[in-house]
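To keep things clear, I will list the structure first and then write my remarks on it.
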Amino acid sequence: MKIKFWGVRGSIPCPGPNTVRYGGNTPCIEVRFQEINRLIIIDAGSGVRELGNYMMGYDLPKGPIRTEIFLSHTHWDHILGFPFFTPIYIPGTQLKVYGPVTYEGDSLEKIVGGQMTYRYFPVREGDLAAEIEYIHLKEGRFDLGDGIILVTKYLNHPLLCLGYRFEYKGKVFCTAYDTEPFRNIFCTDPADPSFDEAMAAEGDLVAQEQNALVEQFFAGADLLVHDTQYTKTEYEKGKFGWGHSSFEHACAAANRTGVKAMALFHHDPMRSDAQIDELASLYCAPGEAGLAKIFFAREGMEIDL
């Protein structure tokens, strides 16, 4: 597997002089299996536009484009690049779009393709030249063919969100974003009139179980891409429930689970290159997450597993 980052920023594209080195595009990751001529794309944030342009020059000359997009979830920063993904306008393109759906009444096609109406965009989805199939994906284990195994895990985000674990020829690549640690959602203060001891205990148990399952999901990964939008201080000052993790949490989890390398991902849009450099000196030092190599993902970065 060869992984390339085309978008690493969270929430909203933020181009400009302060984000040049790490990048201002929202999430898009290319996973290429060169020996079987297969390309998988994770998320269609604004970074997918440049990936599509690259595919027009690299893949299309070899024949019609056939690829798959796996959406972690359908928040706008993860799908807004889809209308600008050039291959969908090219006859012969075959595209499968996988992803979770929070509301059964709204199909994946309606959510993703619904961006392409005259209300928002000059081209309607019905006018696209590509053959597009939308596939509702749930938690589980799937055989994608060609020796590729996919394991999916529900994460903790305000919208239904999936982590992806790709296994191929003994190598493992995982994504765990957008997510934050599971917490007890019930009242835990005995002085509060709404406190219920049994419910509080059950809430603690469920949160512990789910956090353990997430760590089990990415345990031993050769490369883990983990949500780290905040520092611990930022997270604890009003970011609970926003669906994003701290650097401290991700590093500790990687240490506990024997992850070999971890890319810190979904950078806050207000975070400048200089600020990320400062954070790298704190969180990417050898031993910060045990034996795992820790680094900040940046646009254009390539990793060969």
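Every number in this text was worked out from the coordinates using simple rules, so none of it is lab data. A quick note: this is a predicted structure, and the numbers were derived from the prediction, not measured. Note that each Cβ is placed from the backbone with ideal geometry, even for glycine, and that neighbours are counted across all protein chains shown.
Tabulated values for the structure
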{"quantity": "DSSP beta bridge pairing in segment 1-142, given as percent antiparallel to the nearest 5", "calculated": "40"}
{"quantity": "Segment 182-241 - percent relative contact order, Cα under 8 Å, separation 6 or more", "calculated": "25"}
{"quantity": "Nonlocal Lys pairs with alpha-carbon distance under 14 Å, the chain (8 or more apart, or different chains)", "calculated": "5"}
{"quantity": "Cβ-Cβ FRET estimate between D196 and R141, R0 fixed at 41 Å, reported to 0.05", "calculated": "0.70"}
{"quantity": "Summed residue charge, Cβ within 9 Å of V97's Cβ, Lys/Arg positive, Asp/Glu negative", "calculated": "-2"}
{"quantity": "Cα-centred dipole magnitude for the chain, charges only on beta-carbon of K, R (+1) and D, E (-1), debye, nearest 20", "calculated": "1000"}
{"quantity": "Cα shape, segment 95-214, gyration tensor, a/c 1.5 rule", "calculated": "oblate"}
{"quantity": "Peptides ranked, highest mean first, by Cβ atoms within 10 Å: ranges 75-81, 210-216", "calculated": "75-81, 210-216"}
{"quantity": "Mean Cβ neighbour count within 10 Å, used as a protection proxy, ranking 90-96, 65-71, 23-29, 126-132 highest first", "calculated": "23-29, 65-71, 90-96, 126-132"}
{"quantity": "Considering only segment 163-251, percent of DSSP beta bridges that pair antiparallel, nearest 5", "calculated": "50"}
{"quantity": "Candidate values [x] 83, 38, 33; [y] 65, 45, 41; [z] 73, 61, 33, label of the one derived for Cα extents along the principal axes in Å", "calculated": "[y]"}
{"quantity": "Leading residue at positive end of dipole, the chain (Cβ point charges), from I148, H266, L71", "calculated": "I148"}
{"quantity": "Pairwise label distance in nanometres, K232 with T188, each label 7 Å out on the Cα-Cβ vector", "calculated": "1.5"}
{"quantity": "Sites E215 and N53, calculated FRET efficiency, Cβ-Cβ separation with R0 45 Å, nearest 0.05", "calculated": "0.75"}
{"quantity": "Relative contact order (%) - the chain, alpha-carbon pairs under 8 angstrom, separation at least six", "calculated": "18"}
{"quantity": "Fraction of beta bridges assigned by DSSP in segment 2-304 that are antiparallel (%, nearest 5)", "calculated": "50"}
